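First up is the structure itself, then whatever we jot down about it.
The values are calculated or read from the model by the stated rules, or taken from the named source; none is laboratory data. A quick note: this is a predicted structure, and the numbers were derived from the prediction, not measured. Positions of Cβ are generated from backbone atoms using ideal geometry, with glycine treated the same way; all protein chains shown enter the neighbour counts.
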Amino acid sequence: MYNSIVIHYSEIGTKGKNRAFFENRLVKNINKAIEKEAYRRYGRIICELDKKEGLEKIKQILERLPGIANFSFAVKTTLDLKSIKADSIKLLKEEKFKTFKVDTKRSNKKFKLTSQQLNCELGDHIITKLKKKVDVKTPELRLYIEIGEKEALLFCKKYQGVSGLPVGVSGKIACSLSGGIDSPVSAFLLMKRGCEIVFVHVHNTTVSRGILSKLDDLVKQLTKFQLNSKIYIVPFEKIQQEIIANVPAKFRMIIYRRFMMKIINEISKTEKIKGIITGDSIGQVASQTIENITCIYSAAELPILAPLIGMNKEEIVDIAKKIGTYEYSIQPYPDCCSFMIAKHPETRAKLSEIETIEKNIKRQKMLISDSIKRAEIKRFKF
């Protein structure tokens, strides 16, 4: 019965003269995601449907695509009142309900009936043809009618998207991907703000490489939201050895994370990265006190974006479960951090002290350059 998908956005509609830029990017992402020709139409996006297509698969894809507020599988018909009535009955015959309400939106003010008049016309017609009852407060079914410039769209169900902005409109940023719960959630939240994410993971090569499959799973899941992903897996054992040999145990985690920032600084020059995402949440662990975060972030040459900074762990876990990364994040994974954690780590580090200790590590630029040269780069496509 359905011959179209009608896709609505929310925030994009507030963009004024720049609105077309955001709409075009969303259209491009939809085309790529479901391999169909989407096109802009007076405040919405429409895709043509083949009757034989698997709607459930399309639904699962569009539900994850940033920029989409909601979407519906619809019947597109002409602006002729008889056609609207006939197609409404055909559509409703496939639904089970006793009470209903007609909800019309009319962007085409030249249409001969107002929204309320069309509600009444269709309501009377449905009562006569299907013997159903009107309930304007708590109907079992809503028939949505959208009267546009060139066609009418009829549908009964709205599916929620993740909303926000389409990936690609806000530039490219790097995510320091640890393999835990937090950083994948941070990446997702910035995808919702239109950012394209490049993932960077520092890897302790003394641990079995089999555990890297966990990272693959995480990035594959996140690729469902941004369609294309890249991850740098950067070997860290040489830098790790230097940190252990030259830095007191209680400061090692801070120095380690500063080197992570320095590695991303260099990768950003190639990738044209505009910022760095972390999964930091104030006070969650010893390295995430305000003092320690100040010491860590000072090593970055780019803006630091920390979308989880004020969230509780329970809130972060809820999002991880919703986006499908939680089941991968909780798999055991001894990353580089686990080798750096002291029994009593410093929680109130001073930047001047950290910078002085860090000078004990010689040939830093060479160590960083060598690690990046030996990095494995993986690409994922939805």
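Conditions tested, residue by residue: (1) in the same structural domain as Phe73 (by TED's automatic domain parsing); (2) within 20 Å of Gly43 (Cβ to Cβ); (3) under 39 Å from the mean Cα position of the chain (by Cα).
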position	(1), (2), (3)
Leu92	yes, no, yes
Lys96	yes, no, yes
Thr99	yes, no, yes
Asp103	yes, yes, yes
Phe111	yes, yes, yes
Ser115	yes, yes, yes
Leu130	yes, no, no
Lys133	yes, no, no
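Okay, residues lined up against (1) of a type outside the set (S, T, N, Q); (2) out of contact with any Asp or Glu (no Cβ under 9 Å at 6 or more places or on another chain):
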{"residue": "Thr347", "(1), (2)": "no, no"}
{"residue": "Ile361", "(1), (2)": "yes, no"}
{"residue": "Leu367", "(1), (2)": "yes, no"}
{"residue": "Asp370", "(1), (2)": "yes, yes"}
{"residue": "Ala375", "(1), (2)": "yes, yes"}
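Every condition in (1) over 22 Å from Lys192 (Cβ atoms); (2) free of Cβ contacts under 8 Å to residues at least 24 places away in the same chain; (3) surrounded by 16 or more Cβ atoms within 10 Å (Cβ to Cβ) is met by Ala74 except one, and the failing one is (2).
Which of the residues that make up the range 276-297 are of a type outside the set (S, T, N, Q), on the phi < 0 side of the Ramachandran plot and either surrounded by fewer than 21 Cβ atoms within 10 Å (Cβ to Cβ) or in a helix (DSSP H, G or I) (or both)?
Step one: list which residues in the range 276-297 are of a type outside the set (S, T, N, Q), which gives 276-277, 279-280, 282-283, 285-286, 290-291, 293, 295-297.
Then keep just the ones that are on the phi < 0 side of the Ramachandran plot; that gives 276-277, 279-280, 282, 285-286, 290-291, 293, 295-297.
Within the range 276-297, Ile282, Val285, Ala286, Ile290, Glu291, Ile293, Cys295, Ile296, Tyr297 meet the criteria.
Quickly run through the range 9-18 and pick out the residues that are touching a Gly at 6+ places or on another chain (Cβ under 7 Å) and part of a helix (DSSP H, G or I). Walk me through it before giving the result.
In the first step, residues of the range 9-18 are kept if they are touching a Gly at 6+ places or on another chain (Cβ under 7 Å); the result is 9, 11-13.
Residues satisfying the conditions are Glu11, Ile12, Gly13.
Answer yes if at least one residue in the range 335-356 is at pLDDT below 95, among the β-branched types (Val, Ile, Thr) and out of contact with any Cys (no Cβ under 8 Å at 6 or more places or on another chain), and no otherwise. Yes; the residues of the range 335-356 include at least one that is at pLDDT below 95, among the β-branched types (Val, Ile, Thr) and out of contact with any Cys (no Cβ under 8 Å at 6 or more places or on another chain). Within the range 81-94, the residues that satisfy the criterion of being out of contact with any Lys or Arg (no Cβ under 7 Å at 6 or more places or on another chain) and either of a type in the set (Phe, Trp, Tyr) or at pLDDT 95 or above (or both) are Leu81, Lys82, Ser83, Ile84, Lys85, Ala86, Asp87, Ser88, Lys90, Leu91, Leu92, Lys93. Considering the conditions (1) in contact (Cβ under 8 Å) with a residue 12 or more places away in the chain; (2) over 17 Å from Pro345 (Cα atoms), Thr270 is excluded by exactly one of them, (1). Of all residues in the range 125-181, those that are in a loop (DSSP other than H, G, I, E, B), touching a strand residue (DSSP E or B) at 6+ places or on another chain (Cβ under 8 Å), of a type outside the set (D, E, K, R) and closer than 21 Å to Ile12 by Cα total 7. Criterion applied to Leu26, Leu62 was being under 17 Å from Leu153 (Cβ atoms), modelled with pLDDT of 95 or more, within 17 Å of the chain's Cα centre (by Cα) and not β-branched (Val, Ile, Thr), and the one residue passing it is Leu62.
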